[in-house]
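Working notes, structure below.
The values are calculated or read from the model by the stated rules, or taken from the named source; none is laboratory data. Here the structure is a predicted model, which means the values were calculated and not measured. Reconstructed Cβ throughout: ideal geometry from the backbone, glycine too, with neighbour counts over all protein chains shown. Please note that ligands, DNA and RNA were not included when accessible areas were found on the heavy atoms of the full protein model with its side chains. Shrake-Rupley method; radii C 1.70, N 1.55, O 1.52, S 1.80 Å.
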Amino acid sequence: MRSWPVPQVPSLPAAGLPSPGGRLRLYDTGTGSLRPTEPGDTARMYVCGITPYDATHLGHANTYLAFDLVNRVWRDLGHTVHYVQNATDVDDPLLERARQTGEDWRALAEREIELFREDMTALRILPPDQYIGAVEAIPLIVRMVERLRGKGATYEVEDDLYFPIDSDPEFGGVSRLTREQMAPLFAERGGDPGREGKKDPLDALLWMAQRPGEPGWDSPFGTGRPGWHVECSAISVEYLGMGFDVEGGGSDLAFPHHEMGASHAQTATGERPHARSYVHAGMVGLDGEKMSKSLGNLVFVSKLRREGTDPMAIRLALLAHHYRSDWEWTAADLADASARLERWRAAAARPSGPAAGPVAERVRAHLAEDLDARSALEEIDRWAAEPGGDTDAPGRIAALADALLGVAL
Ligand code: 5CA
Ligand code: ZN
C-alpha cells in the first residue's frame with residue numbers, strides 16, 4: 001500500500017550541533033528490563049498498524065508517536081532505519097463493523113487508512129518504508145502457514161487451521177505471563193479458548209475457512225482468510241528478516257499478539273529471536289477506561305484538527321506523558337501543550353538565547369534513556385524561559401525540537 005509523505009528532518013550536525021554518541025536504551029517486555037538497542041548500520045523496526053475503523057484516536061497516536069521517537073533517535077545516532085508497518089485490513093472486528101453499518105468492508109478500510117495517513121502526516125510521524133495491508137500480504141502469509149505445516153506445527157479444527165503453542169518450547173518468552181494470566185487476556189483479545197476440538201485453549205487460529213457472507217482467498221488449506229497473529233509474523237519476517245531490532249505496539253499487544261507472532265516466526269524459520277526487543281506503549285484512557293473502539297470513548301486526531309487544534313500541540317500533549325505509562329486524556333493536556341507550543345515558538349523567534357549545545361546534549365540523553373520525552377520537553381522549557389546572547393541558539397533549538405521531538409516551531 002501507499003505509505004504517507006516523509007516530513008523534513010533537519011540534520012543536527014548541519015545545524016551546528018555535534019553528532020551524539022551512545023545508544024538508545026528501551027524497556028524490553030521480553031526480558032522485563034531496560035536494554036540498549038544494538039542495531040547495525042540499519043536499525044530494523046516493525047510496528048503493528050491499525051485495524052482500520054475508528055482511527056485515529058489519541059491512543060493510536062500516542063503509540064505511533066512513541067515509535068516515531070525511536071526512529072528519530074536512531075537516525076540522530078547515525079543509523080539508517082528500516083521501518084515496516086501493517087494495516088489489518090481484513091479481520092473479525094473490521095468485518096463486524098462493516099456488517100453493522102452496511103458499508104462494504106473494503107471501502108471502510110480504505111477510507112480509514114486514508115484518514116490515518118492524513119493524521120500521521122499532520123502529526124509529522126515518519127512513515128514506514130513499507131506499509132503493508134493484510135490483504136496484499138495474503139500470498140506471503142500463506143507461505144508462512146505452509147512452512148508451519150511443513151514443520152508439523154498446524155492442526156485442523158473443522159476446516160480451520162490452528163497453531164499448537166507447544167510447538168514452541170519458548171512460548172511465553174515475550175510477555176512472560178503465567179498460563180493463568182494468559183487465559184483471560186487471550187479471551188479478551190480476539191482468542192477463542194472455548195472452541196471445541198482445540199488441543200490447548202490457547203492455540204492460535206492461523207487460517208479461517210471462509211464463512212458465509214465473508215471474503216475468502218484460495219490457499220492450499222482451502223478458501224479462507226488469515227488469522228491475526230500470523231499476519232504480522234509473516235509481514236515482519238518477509239520485509240525485515242529474523243532478529244530485527246524492535247517490535248512495537250501498545251501494551252495490549254504483548255499477549256497474545258506479539259507472543260504468538262514470535263512463536264509462529266521462530267517455529268517456521270527455526271531461528272530465534274523474532275525481534276531482539278519487544279517494546280510496548282502504555283494505554284491512553286478517557287473517563288476511567290482505556291480508549292477503545294469497543295467502548296466508543298474516543299477522541300479523534302481528525303476531530304481535533306477540524307476544530308483548529310495545531311497538530312504540534314497534540315504532539316506535545318502526548319509527549320508530556322512517558323510512553324510506557326497509562327494515563328487519561330483531559331482538556332488540560334491540550335491547554336497546557338498549546339501554551340507550551342506558544343512559549344517555544346516565541347522563544348525560537350528571539351534574536352538570541354542561551355547556547356543550544358548543552359540543551360541538545362541533555363535532550364539526547366533523556367531520549368536515549370527509554371524515551372524520556374517529558375524531561376526533554378522540560379529542558380526546552382528552561383531554555384525558552386532564560387535570556388541569552390547566542391544568536392545561533394534559536395535556530396539550533398528549533399532544529400533540535402524538529403529533528404528529535406518532531407515538533408516544528
Ligand atoms: N491491527 C492491530 C495490530 S496488528 C491492532 O491492534 N489495531 S488497533 O487499531 O486496535 O490498534 C493499533 C495500535 O494502537 C496498537 O499498537 C494498539 O496497541 C494501540 N492502541 C489501541 N488503543 C490504544 C490506547 N487506548 N492507548 C494506546 N495505544 C492504543
Ligand atoms: Zn500486529
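Take the residues of the stretch 209-238 that are away from ligand 1 (no atom under 16 Å from the Cβ) and assigned to a strand (DSSP E or B): which is surrounded by the most Cβ atoms within 10 Å (Cβ to Cβ)? Only one residue fits best here, namely G224.
The residue list A360, A356 contains one member that is open to solvent by less than 10 Å² (accessible area, probe 1.4 Å) and touching a Lys or Arg at 6+ places or on another chain (Cβ under 6 Å), which is A356. Across the stretch 239-279, the number of residues qualifying as away from ligand 2 (no atom under 12 Å from the Cβ), open to solvent by 10 Å² or more (accessible area, probe 1.4 Å), out of contact with any strand residue (DSSP E or B) (no Cβ under 6 Å at 6 or more places or on another chain) and not in a loop (DSSP other than H, G, I, E, B) comes to 3. When the stretch 161-185 is limited to residues that are among the hydroxyl-bearing types (S, T, Y) and out of contact with any strand residue (DSSP E or B) (no Cβ under 6 Å at 6 or more places or on another chain), the one that is most open to solvent (accessible area, probe 1.4 Å) turns out to be T178.
Per-residue answers, yes or no, for (1) open to solvent by less than 20 Å² (accessible area, probe 1.4 Å); (2) within 16 Å of ligand 1 (Cβ to nearest atom); (3) under 26 Å from R2 (Cβ atoms):
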site	(1), (2), (3)
A87	yes, yes, yes
G102	no, no, no
M120	yes, yes, yes
R124	no, no, yes
Y131	yes, yes, yes
D159	no, no, no
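Looking only at residues in the stretch 16-34 that are buried (at least 16 other Cβ atoms within 10 Å of the Cβ) and at pLDDT 95 or above, the one that is nearest to ligand 1 (Cβ to nearest atom) is T29.
Out of curiosity, is G285 farther than 24 Å from E118 by Cβ, of a type outside the set (F, W, Y), touching a residue at least 12 places away in the same chain (Cβ under 8 Å) and in a strand (DSSP E or B)? Before you say what the answer is, go through the steps one by one.
Details: farther than 24 Å from E118 by Cβ: yes; of a type outside the set (F, W, Y): yes; touching a residue at least 12 places away in the same chain (Cβ under 8 Å): yes; in a strand (DSSP E or B): yes.
In short, yes.
Residues in the stretch 341-353 that are within 11 Å of A401 (Cα to Cα) and open to solvent by 30 Å² or more (accessible area, probe 1.4 Å): R345 alone. Among the residues of the stretch 40-56, the ones that are away from ligand 2 (no atom under 15 Å from the Cβ) and either at pLDDT below 95 or open to solvent by 10 Å² or more (accessible area, probe 1.4 Å) (or both) come to 6 in all. Taking residues in the stretch 374-396 that are hydroxyl-bearing (S, T, Y), and partners anywhere that are exposed (fewer than 14 other Cβ atoms within 10 Å of the Cβ), the pairs with Cβ atoms closer than 8 Å and at least 6 places apart or on different chains are T391/P351; T391/S352. Selection of the stretch 195-205 for residues being among the hydrophobic types (A, V, I, L, M, F, W, C) and not in a strand (DSSP E or B) yields only L202.
With respect to the conditions (1) over 18 Å from the mean Cα position of the chain (by Cα); (2) within 10 Å of ligand 1 (Cβ to nearest atom), A339 falls short on a single one, namely (2). Considering (1) away from ligand 2 (no atom under 14 Å from the Cβ); (2) in contact with a helix residue (DSSP H, G or I) (Cβ under 8 Å, 6 or more places away or on another chain); (3) open to solvent by 10 Å² or more (accessible area, probe 1.4 Å), say which one A98 fails and leave the rest. Among (1) away from ligand 2 (no atom under 14 Å from the Cβ); (2) in contact with a helix residue (DSSP H, G or I) (Cβ under 8 Å, 6 or more places away or on another chain); (3) open to solvent by 10 Å² or more (accessible area, probe 1.4 Å), A98 violates only (3).
Show the residue pairs meeting these rules: Cβ distance below 7 Å; 6+ apart or different chains; first residue within the stretch 230-241 and within 11 Å of Q85 (Cα to Cα); second residue of a type in the set (S, T, N, Q) and open to solvent by 20 Å² or more (accessible area, probe 1.4 Å). Final answer for the pair search is Y239/Q130. Taken over the stretch 70-85, the criterion of being closer than 14 Å to P127 by Cα and either within 16 Å of ligand 2 (Cβ to nearest atom) or open to solvent by less than 30 Å² (accessible area, probe 1.4 Å) (or both) is satisfied by V70, N71, R72, V81, Y83, V84, Q85.
If we scan the stretch 35-52, do we find a residue that is more than 10 Å from ligand 1 (Cβ to nearest atom), touching a residue at least 40 places away in the same chain (Cβ under 8 Å), of a type in the set (A, V, I, L, M) and within 28 Å of R305 (Cα to Cα)? No, because not a single residue in the stretch 35-52 is more than 10 Å from ligand 1 (Cβ to nearest atom), touching a residue at least 40 places away in the same chain (Cβ under 8 Å), of a type in the set (A, V, I, L, M) and within 28 Å of R305 (Cα to Cα).
Looking for something over 22 Å from the mean Cα position of the chain (by Cα) and within 28 Å of G197 (Cβ to Cβ) - is there at least one such residue anywhere in the stretch 75-95? The answer is yes, given that some residue of the stretch 75-95 is over 22 Å from the mean Cα position of the chain (by Cα) and within 28 Å of G197 (Cβ to Cβ). Note on the stretch 293-331: residues that are at pLDDT 95 or above, polar (S, T, N, Q), over 23 Å from A368 (Cα atoms) and open to solvent by 20 Å² or more (accessible area, probe 1.4 Å) total 1.
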